[in-house]
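Here, each number is a calculation from the coordinates, and none is a lab measurement. Keep in mind it's a predicted model, so treat the numbers as computed, not measured. Backbone-built Cβ (ideal geometry, glycine too); neighbour counts: all protein chains shown.
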Amino acid sequence: MSKPCFLSSTIGRKVIAAISGLALVGFIVVHLAGNLTLLLPDGGAAFNAYAHKLASLGPLLWVARAGLLIFFLAHVLLAIGVRLDEKRARPDGYALKASKGGPSKQTLSSRSMLVTGLVILLFIPFHVWMFTLNKGTPHAMVEVHGTLVKDVYLAVVTAFKDPVKAWSYVAVMLLLGFHLRHGFWSAFQSLGVLRPKWTPALYTVAFVFAALMAVGFIALPVYMLYFGPNPETLRVAVAGH
Amino acid sequence: MKFNVKVWRQSGPNAKGGFKQYAVDGILPEMSLLEMLDVLNEQLTKQGEEPVAFDSDCREGICGTCGLVVDGMAHGSRLKCTTCELRMRHFVDGGTVTIEPFRAKSFPVIKDLVVDRGAFDRIMAAGGYVSVNAGSAPDANAVLVPKDIAEKAMDSAACIGCGACVAACPNASASLFVSAKITQFSLLPQGQAERERRALRMVGQMDQEGFGNCSNHAECEAACPKGISISNIATMRREYMRAARLHEERAEAGGGG
């Protein structure tokens, strides 16, 4: 028989989508953990130290970035492929379409994976522009534990004092929550690791996980907008300590 | 009971189809949806109109021949129920019932509500069998199958191949059907000889037939009249990954699949 091509089979493609998705989930968890240091009442010392640590990884940082980019591209391309398959496999749709409920896990979240994913895809360049490349946000250096580091904290505080930016972030992070609600459990099903007993449990865990991620990422802009320090007086206040 | 039946009419495979509405009266609540269509067809025949073509055979939910999308759901709104077992008492008297054929590129419409499910036959022919030596039947207990394994295999073997999973899937994927067959054979000792070849070939044929990919919506499990679980799909993925790996190893050893 002809050599089966694992990667181009429907199953192989799901496996890659799942692995890349879980890798991106890992990134998100680390990213949120780092971001939560923004909430510490230390004038941004912990957050700036974290940002500095990342930036000083040197070549390792670029390896991580390349890895992320590869996982991201693989994930996006496969997702678009699934959608194209869908159009090709059912050119004539139904006049009426309804979910039967019961064991069905067809939800707004599962149906909108491509849309939520694409919004996140469009969001990332803005996010990188604003905070990684530090464009359109104030540049400053600050001393943390005796070393002079880039004041990313000031950039974040300034950006989120703008209600448009803050609420846009909230909206995108809400969509991220929707994406994770279906994506997280679905990845395990795609990898074939789910036993019948585990499916309901993991489905619930996925909901809790998605909610935690969304709440965590949403809390930051909302906190900065309403309770965050005033960027104008921020460094003066820190200096006065 | 009275109904306004909105049904898909299409005179042939390449003809352009469309919905037609008919009023039917005198329907008993105990009648099945197919019997309601029988009443409608009798009415149409008397009026000199072509009756609505639809598939049915056993009319007791075990053969997998019938299959309609009723009010947007494959086999109608009832869980674990075939179209032939769907009773009219589950519908609102005087309401509209919308009936469409299963929709998928791999299930082309032949006429009205009848679709060609030959794609499933070709998937079965690709690997949905076990090879046994012909001759006298082997002793019943010569091959031992543990009770729990037999039960599990039976859960998958309950698939009647009706195609509702494809019809209900937002992507028109055949994953539930194919996975039920692969799982059933992979569990039983009789299925071991062709285990890897079967997984590779059946999945290969499924992809070749042009079914969509699976997005884990689990709508298929809800539509399945036999309640086949999507854990079969997880098993199929494991089986396929295992088979792809072993196939590679055997090819290196000079064997091949």
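What to note about this one:
- All other residues whose Cβ lies under 12 angstrom from that of B:VAL130 are scored, Lys and Arg at +1 and Asp and Glu at -1, for a net of +3.
- Footprinting exposure proxy for A:TRP185, A:TRP62, A:TRP198 (fewest neighbouring C-beta atoms within 10 Å first): A:TRP62, A:TRP198, A:TRP185
- Rg and Dmax over the alpha-carbon atoms of chain B stand at 20.8, 70 Å.
- For the residue pairs A:LYS100/B:LYS80; B:LYS181/B:LYS226; B:LYS105/B:LYS226; B:LYS111/B:LYS181; B:LYS16/B:LYS105, the alpha carbons lie more than 18 Å apart in B:LYS105/B:LYS226; B:LYS111/B:LYS181.
- Neighbour-count ranking [beta-carbon atoms within 10 angstrom, fewest first] of B:LYS2, A:LYS165, B:LYS181: B:LYS2, A:LYS165, B:LYS181
- Burial order of peptide ranges B:211-218, A:143-150, B:130-137 (average beta-carbon count within 10 Å, highest first): B:211-218, A:143-150, B:130-137
- Tail beyond 19 Å, pair distance distribution of the stretch B:184-257 (Cα, percent): 45
- Surrounding net charge for B:ASN213, when Lys and Arg each add one and Asp and Glu each subtract one, Cβ distance under 13 Å: +3
- Per-residue ellipticity at 222 nm computed for the protein assembly as shown from its helices equals -17000 deg cm²/dmol, with DSSP H segments shorter than 4 residues left out and the rest contributing -39,500 (n - 2.57).
- Environment charge of B:ILE230, counting only residues whose C-beta is closer than 12 Å and scoring Lys/Arg +1, Asp/Glu -1: +1
- Residues B:SER56, A:SER168, B:SER156, sorted so that the one with the fewest Cβ neighbours within 10 Å comes first: A:SER168, B:SER56, B:SER156
- Equivalent ellipsoid of the stretch B:3-111: semi-axes from √(5λ) of the C-alpha gyration tensor, largest first, are 20, 18, 13 Å.
- Per residue Cα convex hull volume in Å³ - calculated over the protein assembly as shown: 200
- When peptides B:17-24, A:115-122 are ranked by their average number of other Cβ atoms within 10 Å per residue, the highest-first order is A:115-122, B:17-24.
- Quotient of C-alpha Rg and 2.2 N^0.38 Å, computed over the stretch A:1-120: 1.48
- Hull shadow area, averaged, the stretch A:1-72 [alpha-carbon convex hull, nm²]: 6.2
- Beta-bridge orientation, the stretch B:3-111: approximately 75 percent antiparallel, per DSSP, counting only bridges with both partners inside.
- With the Kirkwood sum run over all distinct C-alpha pairs, the stretch B:148-208 has a hydrodynamic radius of 12.1 Å.
- The tail of the calculated P(r) for the stretch B:111-257 beyond 23 Å holds 38 percent of all Cα-Cα pairs.
- A viscosity of 0.890 mPa s and a temperature of 25 °C, combined with the Kirkwood radius over Cα pairs in Stokes-Einstein, give a translational diffusion coefficient for chain A of 121 µm²/s.
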